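Scroll down for the structure; my scribbles are underneath it.
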Amino acid sequence: KVEINKSNFSQIQASLSAMRKMAVGVAAGVGAITAALVGTTKQAMDFETAFAEVRTLINDMPESGISQLKQGLVDLSKQTGILTNESIPAMYQAISASVPADNVVAFLETASKNAIGGVTDLQTSVDGLTTVLNAYAMDTSEVTNVSDLMFETMKRGKTTIGELSRSLFNVVPYASSSGIAFRDISAALATITAQGTPTSVATT
């Protein structure tokens, strides 16, 4: 027969209490880790689901190239703060508008600066830039010059990057076919909008 005095009983109770606290702490830690893993897994699944649309445009690209595009989107998000759920549709839009897949990340970097500086969303920025590039049959490498001209138009006129992006289709195809440079169109739009004419009317 084992006798347990009050002192020993108190020690046992204290030990059991400590063990319970440790168990609760471990359970909470495991729960936090599990929650983090579920969140990460869901984000990865959402990324792959969204990127599946891009894949339909680049199904002939090797997996190494596709991996580079994915990494480029992640890096772009870190650099600009633009989430991949916005940049992935913008990538799809850019490739659909004839931006080469192997240059699309660099294109999106410029489009992101254009969007952030012009206080608009990335897809609107992509739309405006590709409208000009395609109308003038420019190489994608000209995107920085186009973006700079749009900024200059916004700075000197009473317009925004968003308004320009939504309205340039009214004028640039005709300007291009008439041999009028985009620089001249930009200057004209800055002058006309500065006088109070809305951008959509000015382009018309």
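Taking region 165-191 only, how many residues are touching a residue at least 40 places away in the same chain (Cβ under 8 Å) and open to solvent by less than 40 Å² (accessible area, probe 1.4 Å)? Total meeting the criteria: 6.
A search for C-beta distances below 9 Å between a residue of region 193-204 that is under 14 Å from Phe169 (Cβ atoms) and any residue that is small (Gly, Ala, Ser) and open to solvent by 40 Å² or more (accessible area, probe 1.4 Å), counting only pairs 6+ apart in sequence or on different chains, returns Ala202/Ala188.
Within region 124-139, identify whether any single residue is closer than 24 Å to Phe47 by Cα and among the β-branched types (Val, Ile, Thr), and answer yes or no. Yes; the residues of region 124-139 include at least one that is closer than 24 Å to Phe47 by Cα and among the β-branched types (Val, Ile, Thr).
If you go through region 153-183 and keep only what is within 12 Å of Tyr136 (Cβ to Cβ) and of a type outside the set (Val, Ile, Thr), you end up with Leu168, Pro173, Tyr174, Ala175, Ser176, Ser177, Ser178, Gly179, Ala181, Phe182, Arg183.
Considering only region 156-163, I want to know if a residue exists there that is closer than 23 Å to Tyr92 by Cα and either open to solvent by 10 Å² or more (accessible area, probe 1.4 Å) or in contact with a His (Cβ under 6 Å, 6 or more places away or on another chain) (or both). Yes - at least one qualifying residue is present in region 156-163. Taking region 126-180 as the range and being of a type in the set (Val, Ile, Thr), part of a helix (DSSP H, G or I) and farther than 19 Å from Ala194 by Cβ as the test, the residues that pass are Val126, Thr130, Thr131, Val132, Thr140, Val143, Thr144, Val146, Val172.
Criterion applied to Ser87, Ser147, Ser98 was being on the phi > 0 side of the Ramachandran plot and either open to solvent by less than 60 Å² (accessible area, probe 1.4 Å) or touching a helix residue (DSSP H, G or I) at 6+ places or on another chain (Cβ under 9 Å) (or both), and the one residue passing it is Ser98. Under the condition of being at pLDDT 95 or above, assigned to a loop (DSSP other than H, G, I, E, B), in contact with a Phe, Trp or Tyr (Cβ under 9 Å, 6 or more places away or on another chain) and within 21 Å of Leu149 (Cα to Cα), the residues counted in region 91-125 number 1. When the residues of region 117-135 are filtered to those that are crowded, with 16+ Cβ neighbours inside 10 Å and either more than 22 Å from the chain's Cα centre (by Cα) or among the aliphatic types (A, V, I, L, M) (or both), the one that is nearest to Ser186 (Cα to Cα) is Val132.
If you check Lys158 against the conditions, is it more than 30 Å from Thr56 (Cα to Cα), at pLDDT 95 or above and either of a type in the set (Val, Ile, Thr) or touching a helix residue (DSSP H, G or I) at 6+ places or on another chain (Cβ under 9 Å) (or both)? In short, yes.
The values are calculated or read from the model by the stated rules, or taken from the named source; none is laboratory data. If you're wondering where the values come from, they're calculated on a predicted model, not measured in any experiment. Please note: Cβ atoms are built from the backbone with ideal geometry, for glycine as well, and neighbour counts cover all protein chains shown. What goes into the accessible areas is simple: the full protein's heavy atoms, side chains included, and nothing from ligands, DNA or RNA. Shrake-Rupley method; radii C 1.70, N 1.55, O 1.52, S 1.80 Å.
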